[in-house]
1. From LYS197, LYS264, LYS228, LYS202, which residue is of a type in the set (Lys, Arg) and closer than 28 Å to GLU159 by Cα?
2. For the condition among the small types (Gly, Ala, Ser), within 22 Å of GLY13 (Cα to Cα) and in the same structural domain as ALA33 (by TED's automatic domain parsing), what is the one hit in SER91, SER108, SER134, SER82?
3. Can you run down the residue pairs with Cβ atoms below 6 Å, 6 or more apart or on separate chains, where the first is in region 69-90 and closer than 12 Å to ILE55 by Cα and without any contact (Cβ under 8 Å) to a residue 40 or more places away in the chain and the partner is buried (at least 19 other Cβ atoms within 10 Å of the Cβ) and among the β-branched types (Val, Ile, Thr)?
4. From the list LYS102, LYS130, LYS141, LYS121, which residue is closer than 30 Å to SER196 by Cβ and either surrounded by 13 or more Cβ atoms within 10 Å (Cβ to Cβ) or not hydroxyl-bearing (Ser, Thr, Tyr) (or both)?
5. May I ask you to say which residue of GLU216, GLU234, GLU205 is without any contact (Cβ under 8 Å) to a residue 12 or more places away in the chain, within 30 Å of HIS162 (Cβ to Cβ) and not assigned by TED's automatic domain parsing to the domain that holds ASP104?
6. Restricting attention to region 179-199, which residues are within 24 Å of the chain's Cα centre (by Cα) and either surrounded by 14 or more Cβ atoms within 10 Å (Cβ to Cβ) or farther than 21 Å from THR118 by Cα (or both)?
7. Filter region 112-151 for residues that are under 17 Å from LYS102 (Cβ atoms), in contact (Cβ under 8 Å) with a residue 40 or more places away in the chain and not aliphatic (A, V, I, L, M) and give the result.
8. Of all the residues that make up region 192-220, how many are over 24 Å from GLN124 (Cα atoms) and touching a helix residue (DSSP H, G or I) at 6+ places or on another chain (Cβ under 7 Å)?
Amino acid sequence: MNFNYNLGIIGAGNMAKAIVCGIVDAGVLPAAAIIASDPTTDINIDGVKTFRDNIAVLSECEYILLAVKPQIYKSIAADLSSKCKAKHVISIMAGITYDILKADFGESVNVTRVMPNTPCKYKQGMTAIKTNKSLPVDEKKFVEQVFSSVGDICYLEEEMFHTITCVSGSGPAYVYMFIEGMIKSGMNHGLSYDMSKQAVLKTFEGAVSMVKNEDEPITNLIDAVCSKGGTTIEAVQSFRADGLYDIIDSAMTKCRSRSEELGK
């Protein structure tokens with residue numbers, strides 16, 4: 001079948017826009033080869049032809065990127081699948097499993113499930129990929145090019161997708177909260193907002209660099225900052241006494257459970 005466009009996007013929200021920017025900037029596709037639709041929001045993706053109706057996207061594109069909210073997917077799945085002429089559907093919807101997508105779109109359409117995260121906007125994303133092992137080489141390459149254009153990729157089996165959702169998919173929000181908490185504490189103790197923000201952000205950047213580049217367990221890096229009887233150990237002991245790791249694990253477990261609920 002001949003297609004008028006290479007990629008069609010259903011649901012043109014922030015993540016879809018970030019992915020399009022990565023694709024175009026990396027030269028994977030020109031903007032003119034992409035179209036998008038979203039009936040509920042004003043679409044503004046530079047150079048991309050946009051629609052309020054999904055039909056043109058579903059019938060004229062070689063690949064479809066499903067970027068709708070998972071909560072509404074089930075109500076529109078039958079309509080999407082009945083009108084889809086694409087050879088390959090890529091989903092970024094949390095909780096909607098590969099098997100659900102495959103059952104909805106049928107054997108004639110190849111399916112890939114991915115879990116990206118919001119730092120894709122600045123090409124610092126983390127994307128997990130689940131697809132058919134017998135996927136044609138050109139289709140696998142296209143999926144890899146799309147998501148490599150916005151960060152790192154990895155392949156996972158379906159049973160690990162609820163976990164990766166609560167780790168990297170939702171993880172930026174946890175990091176933002178810790179950053180915000182440290183900035184606020186700095187301000188509580190006299191720093192201006194700008195000074196506290198600068199210090200906290202550089203501290204996070206430096207700490208990430210240390211974890212990436214030092215051949216040491218993270219526990220050793222923590223201990224290396226803590227002098228006996230010094231200042232850091234007081235904060236670290238307070239975190240441990242308050243059960244920081246248990247708090248993190250409890251929150252991520254709830255996030256994972258919600259991902260499981262969305263897939264039922």
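The values are calculated or read from the model by the stated rules, or taken from the named source; none is laboratory data. What you are looking at is a predicted structure, and each value in this text was computed from that prediction instead of being measured. FYI the Cβ positions are ideal-geometry reconstructions off the backbone, even for glycines, and counts take in every protein chain you see.
1. None of the other options fit; the residue is LYS264.
2. SER91
3. Listed by first residue and then by second, the contacts come to nothing, as the list is empty.
4. Result of the check over LYS102, LYS130, LYS141, LYS121: LYS121.
5. When all the criteria are applied, what remains is GLU205.
6. Scanning region 179-199 gives a single hit, ILE179.
7. Residues satisfying the conditions are ARG113, GLU139.
8. So the count comes out to 1.
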